[in-house]
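Encoded as structure tokens, the structure appears first; notes follow it.
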Amino acid sequence: MPSADLTLTECRAYRPELPLPDGFDAFWSDTLDEKGPGAPDRRPRFDEVESGLVQVRCYDVSVPGYDGRPVRGWLRMPAGATGPLGCVVEFLGYGRGRGLPHEQLMWACAGYAHLVMDTRGQGWSSATGGTPDTDPGSAGTVPGFLTRGVEAPEAHYYRRVFTDAVRCVQAMREHPAVDPARIVVTGVSQGGGIALAVAGLVQGLAGVMPDVPFLCNIPRAARIAATPPYTEIAAYLRLHRDRVEPVFRTLSYFDGAHHATRATAPALFSIAMADDICPPSTCFTAYNRYAGPKEVRVYEFNGHEGGTEHHRAEQLAWVRALFAGLPGERS
């Protein structure tokens, strides 16, 4: 990828013209104001499950998401914790589901509440999911999710996913064991793109940590990425040759580079310079446009795996310092 994309120096200065679509803010305000029939009680559920773990308590989560329909997840909390906890809400990479309750224990072991949101319709790659997508989109879409509902922003798949994510953050703000002022959102790849969207749509977050984020500068990514998922867009437009402009208009409502301009929470990005799935120039587009305080960790010789456990250590230190700097933090 370094030979096909920009250099690190060029990426740091990269600020392409990326016009905001008409009615962007109104579209998202109206979307988040919509009420659907959904689950009868329309309240989040947290049912404790027996996971075999002693130091971590696990809860099977169901949150009314887009159209009020249930979105699954796992909530993990340190056993015996007292007082309101800082919370990390995590969104998952493309194809991954929430998995099993005893997975992904780092944040709970560090003393935080940790909610992992299932991504509707996904869960076929490295972990299973349990949240169906009730609208598979029109005939003629390319397998995957980028062209599902690409006929109009109102119909697009990520309108539902981003709404699910906002609802999950709202659910954790209302959880009695969580301090609503200490919520950080994060995710890798697709999860990073979702986290950026939430950062732009939800005010008052403590922080956001997008890792090698997907869904950023989508027009460029669709033209230079040779590896899925962005190739879904190119495959669709190879067939629908007359739809280039409306397709990119629809996708612009879900572009993390636009949501970044609305985000004000402190951010810690990670970007990998040899990434052939989410090209570094697309990730830097969002980083360079991010409106709040920001830092970036660059992994010059890594691909889409990014910093992996090296970056998890960076995140642990960053979140600890972030929460320590907030008023009323308990030791």
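The values are calculated or read from the model by the stated rules, or taken from the named source; none is laboratory data. This is a predicted model, so every value here is computed, not measured. Cβ coordinates were reconstructed from backbone atoms using ideal geometry, including for glycine residues, and neighbour counts include every protein chain displayed. To get the accessible areas, we keep the full protein, side chains included, count just its heavy atoms, and leave off ligands, DNA and RNA. Shrake-Rupley method; radii C 1.70, N 1.55, O 1.52, S 1.80 Å.
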* Structure fact -> Residue hits (segment 289-308; touching a Phe, Trp or Tyr at 6+ places or on another chain (Cβ under 6 Å) and either basic (Lys, Arg) or crowded, with 18+ Cβ neighbours inside 10 Å (or both)) are Gly306, Gly307
* Structure fact -> The correct count of residues that are in contact (Cβ under 8 Å) with a residue 60 or more places away in the chain and either assigned to a helix (DSSP H, G or I) or among the small types (Gly, Ala, Ser) (or both) in segment 54-69 is 3
* Determine which member of the set Gly306, Gly292 is under 20 Å from Val198 (Cα atoms) and in a loop (DSSP other than H, G, I, E, B). => Gly292
* Asked: Out of curiosity, is Gly93 in contact (Cβ under 8 Å) with a residue 12 or more places away in the chain, surrounded by 15 or more Cβ atoms within 10 Å (Cβ to Cβ) and part of a loop (DSSP other than H, G, I, E, B)?
  -> yes
* Structure fact -> The lone condition Gly83 fails out of (1) on the phi < 0 side of the Ramachandran plot; (2) open to solvent by 20 Å² or more (accessible area, probe 1.4 Å) is (1)
* To do: Among the numbered conditions (1) open to solvent by 10 Å² or more (accessible area, probe 1.4 Å); (2) over 18 Å from His259 (Cβ atoms); (3) modelled with pLDDT of 95 or more; (4) touching a strand residue (DSSP E or B) at 6+ places or on another chain (Cβ under 9 Å), tell me where Leu115 comes up short.
  => (1)
* To do: Kindly indicate whether any position in segment 224-246 is in a helix (DSSP H, G or I), touching an Asp or Glu at 6+ places or on another chain (Cβ under 9 Å) and farther than 24 Å from Leu6 by Cα.
  => yes
* **Leading residue by the ranking (nearest to Gly192 (Cα to Cα)) among those in segment 271-289 that are of a type in the set (Gly, Ala, Ser) and in a helix (DSSP H, G or I)** => Ala286
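Kindly establish whether Ser51 is surrounded by fewer than 22 Cβ atoms within 10 Å (Cβ to Cβ), touching a Pro at 6+ places or on another chain (Cβ under 9 Å) and part of a loop (DSSP other than H, G, I, E, B). Break it down into steps so the answer makes sense when it comes.
Details: surrounded by fewer than 22 Cβ atoms within 10 Å (Cβ to Cβ): yes; touching a Pro at 6+ places or on another chain (Cβ under 9 Å): yes; part of a loop (DSSP other than H, G, I, E, B): yes.
Considered against the rule, which asks whether it is surrounded by fewer than 22 Cβ atoms within 10 Å (Cβ to Cβ), touching a Pro at 6+ places or on another chain (Cβ under 9 Å) and part of a loop (DSSP other than H, G, I, E, B), Ser51 comes out as yes.
Residue by residue, here is whether (1) small (Gly, Ala, Ser); (2) under 15 Å from Ala257 (Cβ atoms); (3) modelled with pLDDT under 95 holds:
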position: Arg173; (1), (2), (3): no, no, no
position: Pro176; (1), (2), (3): no, no, no
position: Arg182; (1), (2), (3): no, no, no
position: Gly191; (1), (2), (3): yes, no, no
position: Gly200; (1), (2), (3): yes, yes, no
